[in-house]
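Please read the structure below before turning to the comments.
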Amino acid sequence: MKLVRMLLALGVVLAVTSGCTVAGDPAPVPDPAALDVGPYSRTPLLAPAHGSDYHGRVLESVRMAEVMANPADVDPALRYGLTSRAVPLPTAAKAAALLANPVRAVLERHGMLAGFSVGSTDTPGQVAIGGGRLLQVILLRFPDSAAAQRAATEIDSVDAALAAGNVAVTIPEHPTARGHWRPTEPTIAATVARDSFVVSVLAGHTSPDHDALVSVARKTFDVQLPLLRDFAVTQPEKFADLALDRDGILGRMVPEAPGRWPFPVVILGDFGENAGWNSLVQARGFVYGPRGTERFNGPSAERIELLGLNRFDRLMRFADAATATKFFARLTTAEGRVDVAAPTGLVDVRCTESLKSTASMNQFGCLLRHGRYVALVFSRDYRDVQQRAAAQYALLVNSE
């Protein structure tokens, strides 16, 4: 499962057992006041009343995750996440990292408001051109349908002009879509506008198979476009009013520093001038709903209702304690890590240390469960991760 791969990438756990369902919390609840939480609070933080326009752009982009297509619905073999498997794209600069750098001017000129990207491949690890099948779907929102139509046309034109030999392709059943490919390369790019949205598709194959690539683009539009009907847009002037913490999830997480609210942010890593399916875009300080969680994590046998992201930490909420317990029971220590002592006094907690010399922020990690929540906390310092785990437990208990 992709969820397991995400946890493995963070260097914590790997699902290898079937576990068993446990109703509720059979173990006694430790007293949060007796735990060593270091400088961290045992009381959940309250979210600020308002964010900024940028924060709102991130949150609106995160909301779009709930209407993103699942690449596996286009091709069931697409089970592994790309480098940036699912990320919000709140600005033209962030979106251009996954499209092409010259496209940034197009997005800015037509007033791009928000965006989101999902990407999957049939090959684990970093994907080279022709080394496997891949699909990246980028959804962008503009002020109105006219702006979206102009943007879609120019995105295709600018991208096609980046390499000699690109020729136009048509996408069956989508007459307004524009696309291009090079007959010597196993990739295709296609773009279509629908209402105030633009859907951009990058598909890769193991050979320059025109019909196979066009078929993937067509199927992607078939899956993605109907989903847009379910999205209720937030007007741009209301972006700053979007709630910073869905259901108090972030408030239940240990902050990066004591008392510091985790405002939403998207961080751009390295990227090339052309198609960026191996570009690195990271985001944190927000909460995914169930569909966004599945796009980010991949499918899970136990449905995750909400997922909070803060630093490298995660907080997952399930329907009930029994479901969370079953999920927790299926996870064990990953290859490349060793178990270390967990904080004294906690139950349902496991801590590990990475054996890799390159580990930094995730050198130490703890996985813990309380009630319907499962949390992951990390640190480069052993004492700090123990205190963060204890504080995370206390926050969950004290938020009941």
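Just so it is clear, none of the values below were taken in a lab; they were calculated from the coordinates. All values reported here derive from a predicted model rather than from experimental measurement. Positions of Cβ are backbone-derived with ideal geometry, glycine not excepted, and every protein chain shown enters the neighbour counts.
Is the stretch 83-194 best put as rounded, prolate or oblate by its Cα gyration tensor, with a ≥ b ≥ c the root eigenvalues, rounded for a/c under 1.5, and otherwise prolate when a/b is larger than b/c, oblate when not? It is oblate, given that a/c is not under 1.5 and a/b is not larger than b/c.
Ranking of W261, W181 by neighbouring Cβ atoms within 10 Å, starting from the fewest: W261, W181. Relative to the dominant Cα principal axis of the chain, helix 210-227 is inclined by about 60°.
Peptide packing: for 32-44, 101-113, the average count of neighbouring Cβ atoms within 10 Å per residue gives the ranking 101-113, 32-44, highest mean first. Ordering S61, S379, S52 from the fewest to the most neighbouring beta carbons within 10 Å gives S52, S379, S61. In a fully extended conformation the segment linking E400 and R150 would gain 85.0 nm over its present Cα-Cα distance, using 0.36 nm per residue. Estimated from the Cβ-Cβ distance and a Förster radius of 51 angstrom, the FRET efficiency linking A33 and D53 is about 0.80.
Multiplying the residue separation of D195 and R42 by 0.36 nm and subtracting their alpha-carbon distance yields 50.4 nm. What separates the Cα centres of the stretch 133-179 and the stretch 47-61 is a distance of 29 Å. Projecting the Cα atoms of S52, A93, L280 onto the dipole axis of the chain, where Lys and Arg carry +1 and Asp and Glu carry -1 at the beta carbon, places L280 farthest toward the positive end. Taking the chain as a Gaussian network of alpha-carbon nodes connected by springs under 10 Å, the highest mean-square fluctuation of the residues V158, V287, V201 belongs to V158. Once Lys and Arg get +1 and Asp and Glu get -1 on their Cβ, which of V158, V223, I304 lies farthest toward the positive end of the dipole of the chain? Of the listed residues, the answer is I304. Sorted on the mean count of surrounding Cβ atoms within 10 Å across their residues, most packed first, peptides 313-319, 166-172 read 313-319, 166-172. Look at the dipole of the chain built from charges on Cβ: of M64, A148, V254, the Cα furthest out on the positive end belongs to V254.
For the pair V223 and Q282, label points projected 7 Å from Cα toward Cβ lie 2.8 nm apart.
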